[in-house]
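What follows is a short report on a single structure.
The values are calculated or read from the model by the stated rules, or taken from the named source; none is laboratory data. Nothing here was measured: the structure is a model prediction, and the numbers come from that model. All Cβ positions, even for glycine, are placed from backbone atoms using ideal geometry, and neighbour counts span all protein chains on display. Accessible surface areas use protein heavy atoms only, side chains included; no ligands, DNA or RNA. Shrake-Rupley method; radii C 1.70, N 1.55, O 1.52, S 1.80 Å.
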Number of protein chains: 4
Amino acid sequence: MSGALGKKIKVGIVGGTGYTGVELLRLLSQHPNVELTAITSRKEDGMPVAQMYPNLRGHVDLCFATPENAALDQCDVVFFATPHGVAMSQAQALLDKGVRIIDLAADFRLQDTAVFEQWYKMPHACPDILADSVYGLVELNRLKISGASVVGNPGCYPTTVILGLLPLLEGGKALVDTQHIIADCKSGVSGAGRKAEVATLFSEASDSFKAYGVAGHRHHPEIAEQLSAIAGQPVGLTFVPHLVPMIRGMFSTLYLRILPEALDTDFQALFETRYVNEAFIDVMPPGSLPETRSVRASNQLRIAVHRPSPGQLVVLVIQDNLVKGASGQAVQNMNLMFGLPETTGLEHVAVLP
Amino acid sequence: MSGALGKKIKVGIVGGTGYTGVELLRLLSQHPNVELTAITSRKEDGMPVAQMYPNLRGHVDLCFATPENAALDQCDVVFFATPHGVAMSQAQALLDKGVRIIDLAADFRLQDTAVFEQWYKMPHACPDILADSVYGLVELNRLKISGASVVGNPGCYPTTVILGLLPLLEGGKALVDTQHIIADCKSGVSGAGRKAEVATLFSEASDSFKAYGVAGHRHHPEIAEQLSAIAGQPVGLTFVPHLVPMIRGMFSTLYLRILPEALDTDFQALFETRYVNEAFIDVMPPGSLPETRSVRASNQLRIAVHRPSPGQLVVLVIQDNLVKGASGQAVQNMNLMFGLPETTGLEHVAVLP
Amino acid sequence: MSGALGKKIKVGIVGGTGYTGVELLRLLSQHPNVELTAITSRKEDGMPVAQMYPNLRGHVDLCFATPENAALDQCDVVFFATPHGVAMSQAQALLDKGVRIIDLAADFRLQDTAVFEQWYKMPHACPDILADSVYGLVELNRLKISGASVVGNPGCYPTTVILGLLPLLEGGKALVDTQHIIADCKSGVSGAGRKAEVATLFSEASDSFKAYGVAGHRHHPEIAEQLSAIAGQPVGLTFVPHLVPMIRGMFSTLYLRILPEALDTDFQALFETRYVNEAFIDVMPPGSLPETRSVRASNQLRIAVHRPSPGQLVVLVIQDNLVKGASGQAVQNMNLMFGLPETTGLEHVAVLP
Amino acid sequence: MSGALGKKIKVGIVGGTGYTGVELLRLLSQHPNVELTAITSRKEDGMPVAQMYPNLRGHVDLCFATPENAALDQCDVVFFATPHGVAMSQAQALLDKGVRIIDLAADFRLQDTAVFEQWYKMPHACPDILADSVYGLVELNRLKISGASVVGNPGCYPTTVILGLLPLLEGGKALVDTQHIIADCKSGVSGAGRKAEVATLFSEASDSFKAYGVAGHRHHPEIAEQLSAIAGQPVGLTFVPHLVPMIRGMFSTLYLRILPEALDTDFQALFETRYVNEAFIDVMPPGSLPETRSVRASNQLRIAVHRPSPGQLVVLVIQDNLVKGASGQAVQNMNLMFGLPETTGLEHVAVLP
């Protein structure tokens, strides 16, 4: 494959004006095996990318182009950093040209198209491609991803919740009450994207804290579908997302009731064992209290396992929502798909303070 | 009483250099029935209060004085905005002079002195006074407070958690599973006080989010003691506090499993009815998503009741941790103790944005 | 007049959905001599004000109404918290009904209509009314304001710069080089208003700092016009505004070269004498370093006078841009216009921390 | 030299617990030619570095050691990320062993020891070494640095002010009035270091803005000494630093009066020409408004040249105070001293948002 042979992977990005787009550019422009080939934005056609994102001055010379002019079909892989619905409308044409696809939106996250249509208010454009696509959570689906043509990059909240529960649920274990899982999740504001909206203005979101989506959030069915598949049975999940006045970072506090028959379990060891070979999962020492800044701008996800009372498990999970929760995970998927070491271009140390 | 007769209440503050101290000064200097008489700080003896807190320039002329020189015994009431242990050491002397006491620390919060000693690592200095003191949660203990000589002002987290659960637990109701209550709580940084510490530096606490005290927090036994008294039986509580990069504000997300026999309950109505006459409790309309900034610098506490699935209740509670969670609630207690309308001096509109 | 006689002033607000609007509501709802009568928003017609601004729950019962239904002509005074151009289009009709006008936009700030048209890209709709209007900087124009029918409330930056220079320039003094005045000004993000724009999103404006308007800013001609009138000759001004990642607050650093003949001047005394009777101007003691938080949510403006070298004066000025820099100053104007004590309803202590 | 030959440079860090220390660790742990050999902290002796700084988990295995046990004398170079006064006390012993020194404190910044003693309140311990040391501003002293044994890494403010003025002053040009230079500078809070102090607590420094050091700041003599040397005559400088509620980032607004004989100068071209070959200096296109976030966590310094009126020049300079303003610049110096390409290990793209 391209990567393995030393030839650079030709990469296109559709919709590079949002935060996952600029984060892809930051990571890919420093990736040793990537050649940034095309980036599209109908609205910003002709504008140098570095003019919109001055952090890229001197690093990225590309200009935005219209999808028509961007020659995406000559890429090896195209990332979609677009609103929901765009990737599925262009997927077939790219696949026909042998281009692989990594979608950072939701088009290839939910296998149940009825659920997709309920939450995203649009019919799914290509159920066949969806059926062949892989949910791009590397630690869950590594093998499938390495052979995939289309990867649905997981949502940010789902990444933390699924990875924080995976060791407890997989393999038919009876460790925790799977009917009453609580995920109290907190996200930095960049998770809302780079859209001009009153609710995420500095003067609205700063120095304040709120919950949102309590009555229902699109990531709920995504988490539930994955957890149910992992557990081999439907799980019961209460998921409440909150907005934190910080730019990047995600923190999920997971509450689980330990089953009576599992009271002797060493949960710390369970997590450590499960993730011992995972480069991007850090199971912290017992008693740890992770801070989101310890993963700022890095692809690390850290987990701390607590048991405040004998029957109660509390799992703390942190990530940078734009890296492991989006663009970093997408690059991790790309590495796998092109036979590169999984950590290539993703070994940045988190920025602290 | 002083207030009722139009005579001003002479107020002393012990330890006015911290955030609850300056907040007391802000509120009391604008209170129509209060005469600020004395404020002590051994370390800042002689310094004008307004030099340390320039927002008080033109409003407060007092200087800090040593406890010896402050003539606290000529006050009608003394607030202790001090570290734990100070109020109980001075209480008897003040009571002997007829001075009433409102302690913003923990000395008069826990009736069980063994629990107090376990969590605060000091013996209780005056169990007799403690036994006569009242837990200063007005909405729970209004009558007792109005006749009290010593009031233990509630902790900030307990205020939100108790008021968010009170309608569910009181009166022997069987509505929710009281053995598995989860309180996921988030506080602004001012809750940590005005101590020179690395962990709460701007460069440490800004643009980040973390949990703390997962293994145990002093507010846990306080909440548990009150909830158990309210429910008439021990409750099971998991309490995880988190630190939010904002100055003021507290947000508690409470998760409760509804009992099968209570599935028909109208929880919205239950809360509205319980708090209909409470000036400082705002039960918001169904579906509301409260933001902490909507109570910034005010004594309001707002509650939103959600039921994301039939068996699951989620109660959202917000307050300003320095006002309803500390100094405002203390003034509310003072109003009651001196026969004033409860809202006197506490009707400030929250500052938004 | 209404206020003086104890009858409440009937107040209308046009365009109450922005930050100066909600701040007017906060101040006026607590003002003892005001009856909030009408608030307009074409877009939010029928919505309770407290639904958009939950801090007003329990304090303001009004609903937004269309201008047609709002009965503004039955008000004693109408505040315009609107985009530039609205007040001048409605002024004549209101004046005909005897309604006084306070415009928080720029329609009545610049006496030179050519300059107005150059900077605001619209012809002035009522030059006659403009000629009769008063620039509402109380400390400069107190007498005129008390008799005015139309007041142009000053811009936020101009308030700090003019008040920071007034004692140096007025009365034909030859103290500083008026041809090379430098105003390096910094504003919190709320100054940009409550518009959905990418540039003021939390994820754009937080944890960053920038200058803007270096090539030209609308407040430059406003400042220059006022300073030139005060000095009795054209002044030379370099004005660079900057954006600070905070919600409220404005800080202006003014640099002045002291003229050789003025080297013996006691500038501290000059400022103290000039402002000794001003309730809202606090000339701080020598050496003071004001912080914007010391005026947060209050109508105070604080000044510190520094002289780092014999020939160089540095004047530091702070205010809350939404209060003294906008809505508070507007209420101060209203008090004057209706014969009330100037400080009525404006004595809130600043919120710190 | 080590680097050039492919052998790794053995690096020691004295005092690695502060922000410049952890930033050195972040940069050096990703530097391809560096072997981190020793890091000292008397207070944290034995603690893994990654325990104090969890962003380094998986990247740095070192433990803090006492200076005695750290074998600093076997390093090729030692960085001092210590309080002022430490480097000069240990310099001779290290030099005797052939170890080169880069001091991030002020010990080797000021050639005039009298000035040093006046501002740092201690006698200089090694004037001879000082005389041989080089001021580590690469763009000014590249050649000298490459042969230096001791480098005094510039202060953060001086880096921006000197580089923002260098093209105007060097070479005996008569372009601007050098007697009245104004530098209005703004820094993120991390510049104050990781010391437990009330003034830099989150609840003190957040959502506020202030000036400090108006009466005198240690960076003033450092800037003045360098500028005077560059200009070949004493310069007159007014320097006012301000504190911005952000973690990283520095913004300097420089005001210069253009001399009558220089009114025809193309200042944009002057800057572009001067810095055309500098990898870390980005002279932005005319009209640019740099934001500090565009250099966050990178070694870039960006300059924008403005001329708001014919006689007035305004130069805007941004950097990350911990990178180009401290640790990044120190690594840049190390690269030069060891014959490596200057950009080695410093090509990180800035993190935005």
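From the list D:L166, D:L140, D:L95, exactly one residue is within 21 Å of D:A304 (Cβ to Cβ), open to solvent by 20 Å² or more (accessible area, probe 1.4 Å) and touching a residue at least 24 places away in the same chain (Cβ under 8 Å). Which is it?
Exactly one residue qualifies, and that residue is D:L140.
Across region C:146-156, what is the number of residues that are crowded, with 23+ Cβ neighbours inside 10 Å and assigned to a helix (DSSP H, G or I)?
1
Taking region C:53-88 on its own, how many of its residues are buried (at least 16 other Cβ atoms within 10 Å of the Cβ), of a type in the set (S, T, N, Q) and outside any loop (DSSP other than H, G, I, E, B)?
Final tally of qualifying residues: 1.
Looking at (1) in a loop (DSSP other than H, G, I, E, B); (2) open to solvent by 10 Å² or more (accessible area, probe 1.4 Å); (3) within 24 Å of B:A224 (Cα to Cα), can you tell me which one B:D45 breaks?
(3)
For A:T40, work out the one condition from (1) within 26 Å of A:S190 (Cα to Cα); (2) within 14 Å of chain D (Cβ to nearest Cβ) it doesn't fulfil.
(2)
Name every residue in region B:298-307 that is within 8 Å of another protein chain (Cβ to nearest Cβ) and either touching an Asp or Glu at 6+ places or on another chain (Cβ under 9 Å) or assigned to a loop (DSSP other than H, G, I, E, B) (or both), in order of residue number.
Those that are within 8 Å of another protein chain (Cβ to nearest Cβ) and either touching an Asp or Glu at 6+ places or on another chain (Cβ under 9 Å) or assigned to a loop (DSSP other than H, G, I, E, B) (or both): B:S298, B:Q300, B:R302.
Hey, can you tell me all the residues within region D:98-129 that are among the charged types (D, E, K, R), open to solvent by less than 10 Å² (accessible area, probe 1.4 Å) and in a loop (DSSP other than H, G, I, E, B)? Break it down stepwise before answering.
Residues of region D:98-129 among the charged types (D, E, K, R): D:100, D:103, D:107, D:109, D:112, D:117, D:121, D:128.
Restricting the remaining residues to those that are open to solvent by less than 10 Å² (accessible area, probe 1.4 Å) gives D:103, D:107.
The answer is D:D107, and nothing else.
Here is a list: C:T159, C:T178. Which entry is more than 14 Å from every other protein chain (Cβ to nearest Cβ), part of a helix (DSSP H, G or I) and either free of Cβ contacts under 8 Å to residues at least 60 places away in the same chain or surrounded by 24 or more Cβ atoms within 10 Å (Cβ to Cβ) (or both)? Spell out the reasoning first.
On the way: C:T178 fails: part of a helix (DSSP H, G or I).
So the residue among C:T159, C:T178 that is more than 14 Å from every other protein chain (Cβ to nearest Cβ), part of a helix (DSSP H, G or I) and either free of Cβ contacts under 8 Å to residues at least 60 places away in the same chain or surrounded by 24 or more Cβ atoms within 10 Å (Cβ to Cβ) (or both) is C:T159.
Among (1) out of contact with any Gly (no Cβ under 7 Å at 6 or more places or on another chain); (2) away from chain A (no Cβ under 14 Å), where does B:G191 come up short?
(2)
So which residues in region C:1-20 are among the hydrophobic types (A, V, I, L, M, F, W, C) and modelled with pLDDT of 90 or more?
C:I9, C:V11, C:I13, C:V14, listed by residue number.
Taking D:A50, is it farther than 30 Å from D:G213 by Cα, open to solvent by 40 Å² or more (accessible area, probe 1.4 Å), free of Cβ contacts under 8 Å to residues at least 40 places away in the same chain and assigned to a helix (DSSP H, G or I)?
No.
Taking the criterion of being outside the structural domain of C:A231 (by TED's automatic domain parsing), modelled with pLDDT of 95 or more and not in a helix (DSSP H, G or I), would at least one residue in region C:166-175 satisfy it?
Looking through region C:166-175, none of the residues is outside the structural domain of C:A231 (by TED's automatic domain parsing), modelled with pLDDT of 95 or more and not in a helix (DSSP H, G or I).
Could you tell me which of the residues C:P260, C:P286, C:P310, C:P341 is more than 11 Å from chain B (Cβ to nearest Cβ) and closer than 30 Å to C:K7 by Cα?
From the options C:P260, C:P286, C:P310, C:P341, the qualifying one is C:P341.
Anything in region D:8-17 that is open to solvent by less than 10 Å² (accessible area, probe 1.4 Å) and within 14 Å of chain A (Cβ to nearest Cβ)? List them, or say none.
D:G16
Please pick out the residue among C:G287, C:G328, C:G339, C:G249 that is under 15 Å from the mean Cα position of the chain (by Cα), more than 23 Å from C:T200 (Cα to Cα) and of a type in the set (G, A, S).
Being under 15 Å from the mean Cα position of the chain (by Cα), more than 23 Å from C:T200 (Cα to Cα) and of a type in the set (G, A, S) holds for just one of C:G287, C:G328, C:G339, C:G249, which is C:G328.
Please pick out the residue among A:S327, A:S309 that is open to solvent by 10 Å² or more (accessible area, probe 1.4 Å) and among the small types (G, A, S).
A:S309
Going through A:T37, A:T20 one at a time, which residue ends up being assigned to a helix (DSSP H, G or I), hydroxyl-bearing (S, T, Y) and open to solvent by 10 Å² or more (accessible area, probe 1.4 Å)?
Working: A:T37 fails: assigned to a helix (DSSP H, G or I).
Result: A:T20 is the single residue among A:T37, A:T20 that is assigned to a helix (DSSP H, G or I), hydroxyl-bearing (S, T, Y) and open to solvent by 10 Å² or more (accessible area, probe 1.4 Å).
Any residue in region A:330-349 that is more than 22 Å from A:N141 (Cβ to Cβ) and of a type in the set (A, V, I, L, M, F, W, C)?
yes
Pull out all pairs, ordered by first then second residue, where Cβ-Cβ is under 6 Å, the residues are six or more apart or on different chains, the first lies in region C:329-353 and is farther than 16 Å from C:F79 by Cα, and the second is assigned to a loop (DSSP other than H, G, I, E, B) and at pLDDT below 95.
Going by the 6 Å Cβ cut-off, the qualifying pairs are C:G339/C:M1.
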